[in-house]
1. Here's a check for you: in segment 250-267, which residue that is open to solvent by 10 Å² or more (accessible area, probe 1.4 Å) and small (Gly, Ala, Ser) is nearest to the ligand (Cβ to nearest atom)?
2. Can you spot a residue in segment 191-198 that is surrounded by fewer than 18 Cβ atoms within 10 Å (Cβ to Cβ) and touching a Leu at 6+ places or on another chain (Cβ under 8 Å)?
3. Yes or no: residue 122 modelled with pLDDT of 95 or more, more than 25 Å from residue 234 (Cβ to Cβ) and of a type in the set (A, V, I, L, M)?
4. Which ones in segment 225-249 are part of a strand (DSSP E or B) and either more than 15 Å from the ligand (Cβ to nearest atom) or in contact with a Phe, Trp or Tyr (Cβ under 9 Å, 6 or more places away or on another chain) (or both)?
5. Mind checking which residues of segment 77-128 are out of contact with any helix residue (DSSP H, G or I) (no Cβ under 9 Å at 6 or more places or on another chain), more than 16 Å from the ligand (Cβ to nearest atom) and outside any loop (DSSP other than H, G, I, E, B)?
6. Can you confirm whether residue 25 is outside any helix (DSSP H, G or I) and more than 30 Å from residue 244 (Cβ to Cβ)?
7. Among 220, 238, 278, which is crowded, with 24+ Cβ neighbours inside 10 Å, more than 11 Å from the chain's Cα centre (by Cα) and in contact (Cβ under 8 Å) with a residue 12 or more places away in the chain?
8. Can you go through 165, 149 and tell me which one is in contact (Cβ under 8 Å) with a residue 24 or more places away in the chain, open to solvent by less than 30 Å² (accessible area, probe 1.4 Å) and out of contact with any Leu (no Cβ under 8 Å at 6 or more places or on another chain)?
Amino acid sequence: WHERLLGGFRKTSDRLMGNLAGLSAARLDEETLDEIEEALIASDLGPETAARVRARLAEGQYERNMEELGIRLVVAEEVERSLAKVAKPLEIEAFPRPQVILVIGVNGSGKTTTIAKLAKTLVEQDYGVMLAAGDTFRAAAIGQLRTWAERIGVPIVSGAEGGDAAGIVYEAVKQATATGIDVLIVDTAGRLQNKRELMDELAKIRRVLGRLNPEAPHDVVLVLDATTGQNALNQIEVFKETAGVTGLVMTKLDGTARGGVLVAAAERYGLPIHAIGVGETADDLRGFDANEVARIIA
Ligand code: GDP
C-alpha cells in the first residue's frame, strides 16, 4: 500500500514541483512570494497553508544556505502541521454497544467500497461488525453492499429498493443489539441533488436511532473523492450543514495529482480525517502519518 500512497502523492508532488518550478528562495521579492503562494493554491493545498508558507518565507524562517530546498522544506513543515491536527483514527468506544457509524457521501465517491474497507479493518481487529443497507434509493447500492458483506463475512440488514431507510436502520440496531455486535455501519443515500429530501431522510434515521440509543449515531463519516479536487471541499460544506459530519475519509488517493486537497480540507474544516482510500480492494484503507505524507508531497 505504501507504493500506492507514494504513487498518489508522488503525482501530487510532481504537480506541486511543476508549479513551483523556477521559483527559488534565493530572491524572495513580493512578486516571487505571490507566485509561490499562487503555486501552492493551484496545487490544491488551500489558502491557509499557502499563506503560512508565504509568511514564513517572507520572514526568512528557513535554511538560507539551501535555497533550492528552502521552499520545499517550509511547505513540508506546514503541510505536516495542517495534517497533524486532523489525523485521527475512528475510535470504537461506544457503550452500550453497538457503536453506530453513519456513512454519507455523493454517489461515486467510494462510499460503498469505504464501508467494506472499514468493516474488514474492524473485523481484523476482532470487532463484531454489521452493515445496514440504508441507501434504498439505488438497487445497485443494496446489491453491491450485500456482495461486500458476503465477501468479508459480516451480517447485513437490507430491504427492497425504494424501501424505508429508517426502518432498515431500526431493524439493524435491534438485531445488532440482540446479537452483541460492536459496530453497525450504516450506508445512506447520497442525494445532494435534493437537499431537502436528504435532510429529511437523515433526520428520520437520527430520530429512529435516538429512540433506541440517545448517543447514536456516534459517528457521521463523510466519504470524499480526492480526484474531484476543490469539489470535495464544496461537499464538506454542504454535508457539514445538512448531516452533522463528525469525520472524513478521503478516497482514491492512489494515482491522483489532487491529493493536496487533503491539506486544504484539514485546514479549512478541521474535521478529523479518519483514513484514506488507496485502492479498490477491501484492504486498501489506511490511516495516515502526517509527517510521512508531508515528506512525500514536498
Ligand atoms: P459509491 O457510489 O459512493 O458507493 O462508490 P463506490 O464505492 O461504488 O466506488 C465508486 C468507484 O470508485 C468504484 O469503481 C470503486 O472501485 C472506486 N473506488 C472506491 N474507492 C477507491 C480508492 O480508494 N481508489 C481507487 N482507485 N478507486 C476507488
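The values are calculated or read from the model by the stated rules, or taken from the named source; none is laboratory data. Only a predicted model underlies this, so the values are computations on that prediction, with no experimental measurement involved. Glycine also receives a Cβ, built like all others from the backbone with ideal geometry; neighbour counts cover every protein chain displayed. Ligands, DNA and RNA are excluded from the accessible area calculation, which covers all protein heavy atoms including side chains. Shrake-Rupley method; radii C 1.70, N 1.55, O 1.52, S 1.80 Å.
1. 255
2. Checking segment 191-198: at least one residue is surrounded by fewer than 18 Cβ atoms within 10 Å (Cβ to Cβ) and touching a Leu at 6+ places or on another chain (Cβ under 8 Å).
3. When the stated conditions are applied, residue 122 passes them.
4. Within segment 225-249, 247, 248 qualify.
5. Hits for segment 77-128 are 99, 122, 124.
6. So residue 25 fits the description; yes.
7. Testing whether each residue is crowded, with 24+ Cβ neighbours inside 10 Å, more than 11 Å from the chain's Cα centre (by Cα) and in contact (Cβ under 8 Å) with a residue 12 or more places away in the chain leaves just 278.
8. Of the residues listed, the single one that is in contact (Cβ under 8 Å) with a residue 24 or more places away in the chain, open to solvent by less than 30 Å² (accessible area, probe 1.4 Å) and out of contact with any Leu (no Cβ under 8 Å at 6 or more places or on another chain) is 165.
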